[in-house]
Amino acid sequence: MPGRSLPGPDQRGLFIGGRWREAEEGATFTVLDPADGSVLASVADGSVNDATEALDAAAAAQEGWGASAPRDRAEILRRAFDLIRGRTDELAELMSLEMGKTIAEARGEVAYGNEFLRWFSEEAVRIHGRWMHAPDGASRLLTVRKPIGPCLFITPWNFPLAMGTRKIGPAIAAGCTMVVKPAELTPLTMLVLADILDEAGLPPGVLNVVPTSRAAAMSEALMADPRLRKVSFTGSTLVGRQLVRQSADQLQRLSMELGGNAPFLVFEDADVDAAVDGAMIAKMRNMGEACTAANRFLVHTDIAQEFAGKLADRMSRLVVGRGQDPDVDVGPLIDERAVNSIHQLVTDAVRDGARLVVGGSAPTGPGYFYRPTVLLGIRHDSEINRQEIFGPVAPISVFATEEEAVRRANATEYGLAAYVFTRDLSRTIRLAELLEYGMVAVNTGLISNPAAPFGGMKASGFGREGGFEGIEEYLETTYVALPATSRHQG
Ligand code: NAD
């Protein structure tokens, strides 16, 4: 029954200092179902004062939480992992409702997002310092790792659970407190996550969640506050740049997980069927609404027709519809603006000479749907090659040499993920070194893994989430200088 997984009335408020409450003056905003535009729920609309109270709670909890036993933090994360695993169906349906993705994809996100809690429960007890003899032997160098302090997390709508747990997991493990501002389009999943972490035993004030429709005012006020020590943001490069500027006054530490423009390179020696399988995942995961989504298909001229034909065949067989319908492969996009901007990119590419192989239009009726689309013969300077498409559109262009493929793959301000299909090991090694990307997938369309350092370079931002690196973003280092006291001094 749709809607049974919506959070109860209590969990549609602000979560501050371990308590649920209304926003200032009872303000609320509505969350819509992208499959038909209807209202799913209304949630508390946090004000700047509400957010400041959340930071008060985080700042008050920091000292005690930072001094807590790593094992206790680990066990809270592990309990939350078990609770989420037990509630997979409910969370998957909720995410599907507020964001549009299919239930199968939503279940995949619950498993993926939850894995960050398990991974960082295991990392919480492995925070190391260093003991070292200075090179001249006259002193000893000790390093102490400390939680960085209260954090602000701002997350996007495309992965409502995983983009939260990637930050919350390592912050809890490191002993940091936090204020989370979920995307206003999809705040419901984060509110349920707060409830689960509370049930798992997280002390009051460690995690505070403040949904708001006034993100800019909130981030400005919190980032002007010297108690806030870290901002981790996942979202567009445009907003990321603004937050980097905003961090200058208080010099907060930053992690910026921003936009992408992933090239998908298919060489003449590739297994074309495997490349098409990989393309379906890299392009169509989350309806193409992923920062890692393959955005530019660059295919060797000898196999371009075969690749395009096979990809178009697979794309044309996908069923578009409401994400909660078990027969559906492709859910709605997030809103009308997304459909319009994607259609504009497709229209402009065709005007620039590309051939529409399949798709290229939005079905009529309610909801924000777009048909899976393949375009062949994209002009290199076409807008669709320069912008993040964020939808189910695969633009293919051809290349003749490896040198050309690499040059064009790197010809973007972004540097998040790149995909390579080849059976040549030497070429694989060369490309891993030459591609200016934080992540390179070889002969696979799936790149994200909680045990790996996820993140980009150039305009895709900086910092890493997941892997051994993920917890570093939440730790400060104090170096302690000690004299050498042994008789072997010097
Ligand atoms: P967005 O930048 O519009 O919004 C992201 C978040 O920032 C939302 O919570 C929004 O409310 C908030 N926000 C907007 N203006 C703000 C401001 N001035 N101050 C503080 N917060 C503000 O992005 P989106 O449309 O929600 O998400 C899609 C983008 O996210 C794409 O560019 C995608 O590539 C990127 N993304 C990146 C990663 C990654 O790990 N690199 C992962 C997922 C999504």
Given an 8 Å cut-off on Cα distances and at least 6 residues of separation, report the relative contact order of the chain as a percent. 18
Taking a cut-off of 18 Å between Cα atoms, list the lysines near residue 167, but don't count ones fewer than 8 places away on the same chain. 146, 181, 230
Work out, step by step, the length gained on full extension between residue 36 and residue 136: first 0.36 nm times the residue separation, then minus their alpha carbon distance; give nm to one decimal. 29.0 nm
What percentage of the solvent-accessible surface of the stretch 102-143, computed with a 1.4 Å probe over protein heavy atoms, is contributed by carbon and sulfur atoms? 57
Would you work out the relative contact order for the stretch 1-152, in percent, from Cα pairs under 8 angstrom that are 6 or more residues apart? 21
With a/c under 1.5 counting as rounded, go ahead and sort the stretch 185-263 into rounded, prolate or oblate using the C-alpha gyration tensor (a ≥ b ≥ c being the square roots of the eigenvalues; past the cut-off, prolate if a/b is larger than b/c, else oblate). oblate
With a 1.4 angstrom probe the carbon and sulfur portion of accessible area for the stretch 169-314, in percent, totals 53
Write down the accessible area per residue of the chain in Å², having rolled a 1.4 Å probe over the full set of protein chains. 40
Rounded to whole Hz, the Karplus (6.51, -1.76, 1.60) HN-Hα couplings of the stretch 22-32, x for glycine and proline: 6, 7, 3, 6, x, 5, 9, 9, 9, 10, 9
Positive-end residue of 129, 43, 113, charge dipole of the chain with Cβ unit charges: 129
Given the DSSP H assignment, sum -39500 (n - 2.57) over each helix run of at least 4 residues in the chain and divide by its residue total; what's the result at 222 nm in deg cm²/dmol, nearest 500? -11500 deg cm²/dmol
Roughly how big is the stretch 371-472's charge dipole about its Cα centre, with Cβ charges of +1 (Lys, Arg) and -1 (Asp, Glu), in debye to the nearest 20? 300
Grab the beta carbon distance between residue 85 and residue 481, set R0 = 51 Å, and tell me the FRET efficiency rounded to 0.05. 0.65
Residue by residue through the stretch 79-88, the couplings from Karplus 6.51 cos²θ - 1.76 cosθ + 1.60 with θ = phi - 60°, in Hz, x for Gly and Pro, are 5, 4, 4, 5, 4, 5, 4, x, 10, 4
Could I have the simple spin-label model distance between residue 251 and residue 432, label points 7 Å from Cα toward Cβ, reported in nm to one decimal? 3.8
Carbon-plus-sulfur fraction of the accessible area of the stretch 323-428, 1.4 Å probe, in percent? 49
Would you mind pulling out the separation of the Cα centroids of the stretch 257-285 and the stretch 149-206, in Å? 31
Cα convex hull of the chain: mean projected area in nm², to one decimal? 24.8
DSSP bridge orientation in the stretch 80-188 - percent antiparallel, rounded to nearest 5: 50
Would you mind computing, in nm to one decimal, how far apart the modelled labels at residue 469 and residue 319 are, each placed 7 Å from Cα along Cα→Cβ? 4.0
For the stretch 302-348 and the stretch 442-489, what is the separation of their Cα centres, given in Å? 37
Rounded to 10°, Cα long-axis angle of helix 272-284 versus longest principal axis of the chain: 60
Residue separation times 0.36 nm, minus the C-alpha to C-alpha distance between residue 27 and residue 452: what's the value? 149.0 nm
In the stretch 271-356, what GluC sites (Glu not before Pro) fall in a loop by DSSP, with at most 10 other Cβ atoms inside 10 Å? none
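The values are calculated or read from the model by the stated rules, or taken from the named source; none is laboratory data. Treat the numbers as computed from the prediction; the structure is a model and nothing was measured. Heads up, the Cβs are rebuilt from the backbone with ideal geometry, glycines too, and the neighbour counts pull from every protein chain shown. With ligands, DNA and RNA removed, areas are computed over all heavy atoms of the protein, side chains included. Shrake-Rupley method; radii C 1.70, N 1.55, O 1.52, S 1.80 Å.
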